[in-house]
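*Asks:* There's a structure below that I have some questions on.
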């Protein structure tokens, strides 16, 4: 499957953005956003861009750190995600500006931000080199880029049983789609990608966040309802869904304790200066 096809398939529709905000943000992406912003060390008065903002958790956490959202902009290509971002932030952080746009062609002025943050978006960009050059363009000289990407599936074992179950019972295309967020990044490859776009002082570290789900069925349901696969799964035959759940449960047995399912996830956290 081409990168373009994967990108298009990973654009969520329908109620999926609401499920993403309801389930995956508190389980995983809230903690991850805190780590991202801690690494960026944003300061009052700095102008912040949340690129590939989704439902806006990074922008909202940044607003809490800065005391308001007046200098924060969130950009995403998906209008459904932005609708949820606007709704969720309307009362608590009304100053955040939300814009629809592509990372490869940002609707923003040159040197208009001090910090660009991006959480788990780079793996879905069709042209990362162009996106990085666009980020470099909108950052002021000396400005900071901090972004995260999942490490490969070999470092994120709790997704493997679900991916393999989908491949076994839904076909190779579904397995490939489920696996697409976990690409074969390396520190050397990430550094070359960033410095090739004009950034300097690239620092790359491994970051760990741990999500928890009450039960394996909760894990499966919340993951799938928050992904582009939600509608497809809803149309599957009952026996296929049951087989996926059964195989996933068996594969996760080493991650189950008295409090449910432990879901550790490793990411690369990249920091660079323009």
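No value in this document is a laboratory result; all are computed from the given coordinates. This is a predicted model, so every value here is computed, not measured. Neighbour counts run over all protein chains shown; Cβ positions are idealised from the backbone, glycine included.
*Asks:* Based only on other Cβ atoms within 10 Å, what is the fewest-to-most ordering of 114, 203?
*Replies:* Working: 114 20, 203 14.
By the 10 Å Cβ count, ascending: 203, 114.
*Asks:* So, one more: Based on the Cβ-Cβ distance of residue 137 and residue 38, what FRET efficiency does E = 1/(1 + (r/R0)^6) give at R0 = 22 Å, to the nearest 0.05?
*Replies:* Given R0 = 22 Å and the Cβ-Cβ separation, E is 0.25.
*Asks:* Okay, moving on. Looking at the range 141-196, I'd like the Rg to Rh ratio, where Rg is from alpha-carbon atoms and Rh is Kirkwood's inverse mean 1/r.
*Replies:* Radius of gyration relative to Kirkwood radius: 1.15.
*Asks:* Between residue 188 and residue 201, what is the label-point separation in nm under the 7 Å Cα-to-beta-carbon projection?
*Replies:* Going from the residue 201 label point to the residue 188 one covers 2.6 nm.
*Asks:* How tilted is helix 238-251 with respect to the longest principal axis of the chain? Cα atoms for both, answer in degrees (0 to 90, nearest 10).
*Replies:* Rounded to the nearest ten degrees, it is 70.
*Asks:* Roughly what would the spin-label model give for residue 100 and residue 22, points 7 Å off Cα along C-beta, in nm?
*Replies:* Reported label-point gap for residue 100 and residue 22 is 2.4 nm.
*Asks:* Suppose R0 equals 30 Å; then what is the FRET efficiency for residue 254 and residue 208 from their Cβ-Cβ distance, rounded to the nearest 0.05?
*Replies:* Details: r = 17 Å, r/R0 = 0.57.
According to the calculation, E is roughly 0.95.
*Asks:* What is the Cα coordinate range of the range 40-119 on the first, second and third principal axes, sorted by size from largest, in whole angstrom?
*Replies:* Principal extents (Cα only, largest first): 30, 29, 19 Å.
*Asks:* Calculate the translational D of the chain in whole µm² s⁻¹ from Stokes-Einstein, where the hydrodynamic radius comes from the Kirkwood formula applied to all Cα pairs, the temperature is 4 °C and the viscosity 1.567 mPa s.
*Replies:* 68 µm²/s
*Asks:* Related question: What angle, in degrees between 0 and 90 and rounded to the nearest 10, separates the Cα long axis of helix 216-225 from the longest principal axis of the Cα atoms of the chain?
*Replies:* Taking the Cα atoms of the chain, the angle to 216-225 is about 50 degrees.
*Asks:* Rounded to whole Å and sorted largest first, list the principal axis extents of the Cα atoms in the range 94-154.
*Replies:* So the three principal-axis extents are 39, 28, 20 Å.
*Asks:* While we're looking at this one, here's another question. Starting from 0.36 nm per residue, how many nanometres of slack lie between residue 240 and residue 127 once their C-alpha separation is accounted for?
*Replies:* 37.1 nm
*Asks:* Measure out, as a whole number of angstrom, how far apart the alpha-carbon centroids of the range 211-274 and the range 77-113 sit.
*Replies:* 28 Å
*Asks:* Enter the angle in degrees (range 0 to 90, nearest 10) between the Cα long axis of helix 79-89 and the first principal axis of the Cα atoms of the chain, meaning the one along which they spread out most.
*Replies:* It is inclined by approximately 70 degrees.
*Asks:* While we're on this one: Percent relative contact order of the chain, based on C-alpha pairs within less than 8 angstrom and at least six residues apart? Walk me through the intermediate numbers first.
*Replies:* On the way: 502 pairs, mean separation 62.4, N = 274.
Relative contact order here is 23 percent.
*Asks:* Taking 7 Å along the Cα-to-C-beta vector as the label spot, tell me the residue 168-residue 155 distance in nanometres, rounded to one decimal.
*Replies:* 2.7 nm
*Asks:* Right, here's the next one. Suppose only helical runs count, i.e. DSSP H with n ≥ 4. What mean residue ellipticity at 222 nm does that imply for the chain under -39500 (n - 2.57) per run, divided by all residues and rounded to the nearest 500 deg cm²/dmol?
*Replies:* Calculated from helices alone, the mean residue ellipticity at 222 nm is -11500 deg cm²/dmol.
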